[in-house]
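Everything below concerns the one structure shown next.
The values are calculated or read from the model by the stated rules, or taken from the named source; none is laboratory data. On a predicted model such as this, the values are computed, not experimentally measured, just so you know. Glycine gets a Cβ as well: all are built from the backbone with ideal geometry, and neighbour counts include every protein chain shown.
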Amino acid sequence: MQLKKINPNLQKALIENDLIEANELQQETFSTIKSGVDAVVQAPKNSGKTTTILLNVIQKMEKPVGESTRALILVQDKEKVLEAVEQFKKMNHYNNLRVIGVHEKGDIDYDKNVISAGMDVLIGTPIRINEMFSSAGFNMTTIKMFVVDDVDEMLRKREDAIILRLSMSAEKTQRLFFCSQITERVEILADKIMIEPLFFEMED
(Lines give C-alpha, C1' and ligand atoms only; values in the text may rest on other atoms or scores of the structure.)
Protein backbone atom coordinates (compact mmCIF):
# COMPACT_ATOMS: atom_id res chain seq x y z
CA MET A 1 0.00 0.00 0.00
CA GLN A 2 1.60 3.24 -1.15
CA LEU A 3 1.31 5.63 1.78
CA LYS A 4 3.97 8.14 2.76
CA LYS A 5 6.42 6.77 5.36
CA ILE A 6 4.27 3.73 6.12
CA ASN A 7 5.83 1.22 8.54
CA PRO A 8 7.60 -1.42 6.39
CA ASN A 9 6.33 -4.35 8.49
CA LEU A 10 2.77 -3.06 8.19
CA GLN A 11 3.18 -2.55 4.44
CA LYS A 12 4.44 -6.12 4.04
CA ALA A 13 1.39 -7.53 5.87
CA LEU A 14 -1.02 -5.33 3.89
CA ILE A 15 0.42 -6.51 0.57
CA GLU A 16 0.19 -10.15 1.69
CA ASN A 17 -3.51 -9.57 2.43
CA ASP A 18 -4.10 -8.04 -1.03
CA LEU A 19 -4.38 -4.51 0.36
CA ILE A 20 -2.10 -3.17 -2.33
CA GLU A 21 -3.77 0.11 -3.34
CA ALA A 22 -4.71 2.68 -0.71
CA ASN A 23 -8.24 3.91 -1.37
CA GLU A 24 -9.28 7.58 -1.24
CA LEU A 25 -10.21 7.42 2.46
CA GLN A 26 -6.81 5.95 3.42
CA GLN A 27 -4.86 8.39 1.24
CA GLU A 28 -6.77 11.45 2.48
CA THR A 29 -6.54 10.67 6.19
CA PHE A 30 -3.21 8.84 6.68
CA SER A 31 -0.89 11.85 7.08
CA THR A 32 -3.35 13.70 9.29
CA ILE A 33 -3.94 10.76 11.63
CA LYS A 34 -0.20 10.02 11.71
CA SER A 35 0.44 13.62 12.83
CA GLY A 36 -1.59 12.99 16.00
CA VAL A 37 -4.39 15.54 15.60
CA ASP A 38 -8.03 14.84 16.50
CA ALA A 39 -10.33 14.08 13.57
CA VAL A 40 -13.87 13.15 12.58
CA VAL A 41 -14.02 11.01 9.44
CA GLN A 42 -17.26 10.49 7.55
CA ALA A 43 -17.32 7.84 4.84
CA PRO A 44 -20.02 5.60 3.36
CA LYS A 45 -20.57 2.05 4.57
CA ASN A 46 -18.11 -0.49 3.08
CA SER A 47 -15.58 2.22 2.23
CA GLY A 48 -12.77 0.73 4.33
CA LYS A 49 -13.24 2.65 7.60
CA THR A 50 -12.24 -0.30 9.82
CA THR A 51 -9.17 -1.04 7.66
CA THR A 52 -8.23 2.65 7.88
CA ILE A 53 -8.54 2.60 11.68
CA LEU A 54 -6.49 -0.59 12.08
CA LEU A 55 -3.66 0.39 9.76
CA ASN A 56 -3.34 3.75 11.52
CA VAL A 57 -3.30 2.12 14.97
CA ILE A 58 -0.59 -0.34 13.87
CA GLN A 59 1.38 2.51 12.26
CA LYS A 60 1.27 4.58 15.48
CA MET A 61 1.79 1.76 18.02
CA GLU A 62 4.52 0.13 15.88
CA LYS A 63 5.67 -2.59 18.33
CA PRO A 64 4.83 -4.03 21.78
CA VAL A 65 5.80 -1.67 24.61
CA GLY A 66 5.51 -2.27 28.37
CA GLU A 67 2.37 -3.62 29.98
CA SER A 68 -0.12 -0.77 29.59
CA THR A 69 -2.77 -0.56 26.89
CA ARG A 70 -1.99 2.26 24.44
CA ALA A 71 -4.82 2.15 21.89
CA LEU A 72 -8.55 1.78 22.52
CA ILE A 73 -10.95 1.11 19.64
CA LEU A 74 -14.68 1.19 20.42
CA VAL A 75 -16.91 -0.76 18.03
CA GLN A 76 -20.66 -1.39 17.97
CA ASP A 77 -21.20 -5.03 18.91
CA LYS A 78 -19.71 -8.50 19.41
CA GLU A 79 -19.72 -9.22 15.66
CA LYS A 80 -17.74 -6.04 14.94
CA VAL A 81 -15.29 -6.86 17.75
CA LEU A 82 -14.58 -10.31 16.29
CA GLU A 83 -14.26 -8.96 12.74
CA ALA A 84 -11.90 -6.15 13.79
CA VAL A 85 -9.67 -8.47 15.88
CA GLU A 86 -9.40 -10.99 13.04
CA GLN A 87 -8.51 -8.27 10.53
CA PHE A 88 -6.07 -6.66 12.98
CA LYS A 89 -4.20 -9.93 13.47
CA LYS A 90 -3.65 -10.28 9.71
CA MET A 91 -2.41 -6.70 9.32
CA ASN A 92 -0.33 -6.93 12.51
CA HIS A 93 1.49 -10.13 11.45
CA TYR A 94 4.98 -8.56 11.47
CA ASN A 95 4.47 -5.84 14.11
CA ASN A 96 3.48 -8.34 16.83
CA LEU A 97 1.31 -5.90 18.78
CA ARG A 98 -0.73 -7.55 21.53
CA VAL A 99 -4.47 -7.22 20.92
CA ILE A 100 -7.63 -8.39 22.66
CA GLY A 101 -11.31 -8.03 21.76
CA VAL A 102 -13.90 -7.70 24.54
CA HIS A 103 -17.72 -7.73 24.50
CA GLU A 104 -20.65 -8.41 26.81
CA LYS A 105 -20.79 -12.13 25.96
CA GLY A 106 -17.18 -12.72 27.07
CA ASP A 107 -15.73 -13.57 30.50
CA ILE A 108 -14.78 -10.24 32.08
CA ASP A 109 -12.38 -11.75 34.65
CA TYR A 110 -10.51 -13.66 31.94
CA ASP A 111 -10.28 -10.49 29.81
CA LYS A 112 -8.95 -8.45 32.74
CA ASN A 113 -6.27 -11.06 33.49
CA VAL A 114 -5.10 -11.10 29.87
CA ILE A 115 -4.96 -7.29 29.76
CA SER A 116 -3.06 -7.03 33.05
CA ALA A 117 -0.37 -9.38 31.68
CA GLY A 118 0.44 -6.78 29.01
CA MET A 119 -1.61 -5.35 26.14
CA ASP A 120 -1.08 -2.80 23.37
CA VAL A 121 -4.48 -2.59 21.66
CA LEU A 122 -7.94 -3.08 23.16
CA ILE A 123 -10.97 -3.45 20.84
CA GLY A 124 -14.39 -3.60 22.47
CA THR A 125 -17.99 -2.50 22.81
CA PRO A 126 -18.65 0.67 24.85
CA ILE A 127 -20.68 -1.20 27.50
CA ARG A 128 -18.01 -3.87 28.15
CA ILE A 129 -15.12 -1.37 28.06
CA ASN A 130 -17.00 0.82 30.54
CA GLU A 131 -17.63 -2.18 32.86
CA MET A 132 -13.96 -3.09 32.75
CA PHE A 133 -12.81 0.46 33.35
CA SER A 134 -15.25 0.83 36.27
CA SER A 135 -13.82 -2.29 37.90
CA ALA A 136 -10.18 -1.23 37.37
CA GLY A 137 -9.78 -3.66 34.48
CA PHE A 138 -7.32 -1.39 32.70
CA ASN A 139 -5.76 2.04 32.92
CA MET A 140 -7.15 4.78 30.64
CA THR A 141 -4.32 7.22 31.41
CA THR A 142 -1.89 5.29 29.16
CA ILE A 143 -4.18 5.42 26.10
CA LYS A 144 -2.49 7.26 23.20
CA MET A 145 -5.21 6.63 20.59
CA PHE A 146 -8.92 6.73 21.42
CA VAL A 147 -10.88 5.64 18.35
CA VAL A 148 -14.66 5.26 17.97
CA ASP A 149 -15.93 3.40 14.89
CA ASP A 150 -19.57 3.97 13.83
CA VAL A 151 -19.88 6.73 16.42
CA ASP A 152 -23.15 7.91 14.81
CA GLU A 153 -24.69 4.47 15.47
CA MET A 154 -23.48 4.47 19.08
CA LEU A 155 -25.01 7.87 19.72
CA ARG A 156 -28.34 6.60 18.37
CA LYS A 157 -28.09 3.93 21.09
CA ARG A 158 -27.50 6.71 23.67
CA GLU A 159 -23.93 5.67 24.43
CA ASP A 160 -22.76 9.31 24.53
CA ALA A 161 -22.21 9.30 28.30
CA ILE A 162 -19.98 6.20 28.16
CA ILE A 163 -17.82 7.61 25.34
CA LEU A 164 -17.57 10.94 27.16
CA ARG A 165 -16.61 9.30 30.46
CA LEU A 166 -13.93 7.10 28.89
CA SER A 167 -12.54 10.00 26.90
CA MET A 168 -12.34 12.24 29.98
CA SER A 169 -10.31 9.52 31.73
CA ALA A 170 -7.68 9.48 28.98
CA GLU A 171 -5.14 12.22 29.61
CA LYS A 172 -2.99 12.91 26.55
CA THR A 173 -4.58 11.03 23.69
CA GLN A 174 -5.51 11.41 20.05
CA ARG A 175 -9.28 11.14 19.55
CA LEU A 176 -10.72 9.86 16.28
CA PHE A 177 -14.36 9.38 15.28
CA PHE A 178 -15.40 7.38 12.22
CA CYS A 179 -19.01 7.49 11.02
CA SER A 180 -21.32 7.15 8.02
CA GLN A 181 -22.94 10.49 8.83
CA ILE A 182 -21.71 13.52 10.76
CA THR A 183 -24.91 14.16 12.69
CA GLU A 184 -25.50 17.04 15.07
CA ARG A 185 -24.88 14.70 18.01
CA VAL A 186 -21.54 13.62 16.52
CA GLU A 187 -20.56 17.30 16.18
CA ILE A 188 -21.63 18.09 19.76
CA LEU A 189 -19.64 15.17 21.22
CA ALA A 190 -16.59 15.99 19.08
CA ASP A 191 -16.79 19.58 20.31
CA LYS A 192 -16.86 18.38 23.93
CA ILE A 193 -13.91 16.00 23.84
CA MET A 194 -11.68 16.94 20.91
CA ILE A 195 -9.09 19.68 20.43
CA GLU A 196 -9.70 21.55 17.15
CA PRO A 197 -10.70 18.41 15.23
CA LEU A 198 -10.30 18.16 11.47
CA PHE A 199 -13.35 16.96 9.56
CA PHE A 200 -13.14 14.65 6.55
CA GLU A 201 -16.21 13.98 4.43
CA MET A 202 -15.90 11.30 1.76
CA GLU A 203 -18.57 11.19 -0.90
CA ASP A 204 -20.47 8.05 -1.94
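Some points to look at:
- Members of the stretch 152-173 that are of a type in the set (A, V, I, L, M) and not in a loop (DSSP other than H, G, I, E, B): M154, L155, A161, I162, I163, L164, L166, M168
- The criterion of at least 2 residues that are within 24 Å of M202 (Cα to Cα) and of a type in the set (G, A, S) is met, among helices (runs of 4 or more DSSP H) falling completely within the stretch 1-105, by 24-35.
- Considering the stretch 118-134, the residues that are among the polar types (S, T, N, Q) and under 11 Å from L74 (Cα atoms) include one that is farthest from the chain's Cα centre (by Cα), namely N130.
- Matching residues in the stretch 113-126 - criterion: being surrounded by 17 or more Cβ atoms within 10 Å (Cβ to Cβ) and either assigned to a helix (DSSP H, G or I) or of a type in the set (V, I, T) (or both): I115, V121, I123, T125, P126
- Listed by first and then second residue, the pairs with beta-carbon distance under 6 Å, at least 6 apart or on different chains, first residue in the stretch 134-151 and part of a helix (DSSP H, G or I), second β-branched (V, I, T), are V151/V186.
- V147 meets each of the listed conditions (1) over 19 Å from K49 (Cα atoms); (2) at pLDDT 95 or above apart from (1).
- Just so you know, in the stretch 12-59 the residues that are under 17 Å from V75 (Cβ atoms) and among the β-branched types (V, I, T) include one that is surrounded by the fewest Cβ atoms within 10 Å (Cβ to Cβ), and it is T50.
- When restricted to residues that are over 26 Å from E24 (Cβ atoms) and either among the basic types (K, R) or more than 13 Å from the chain's Cα centre (by Cα) (or both), the stretch 168-184 contains 5.
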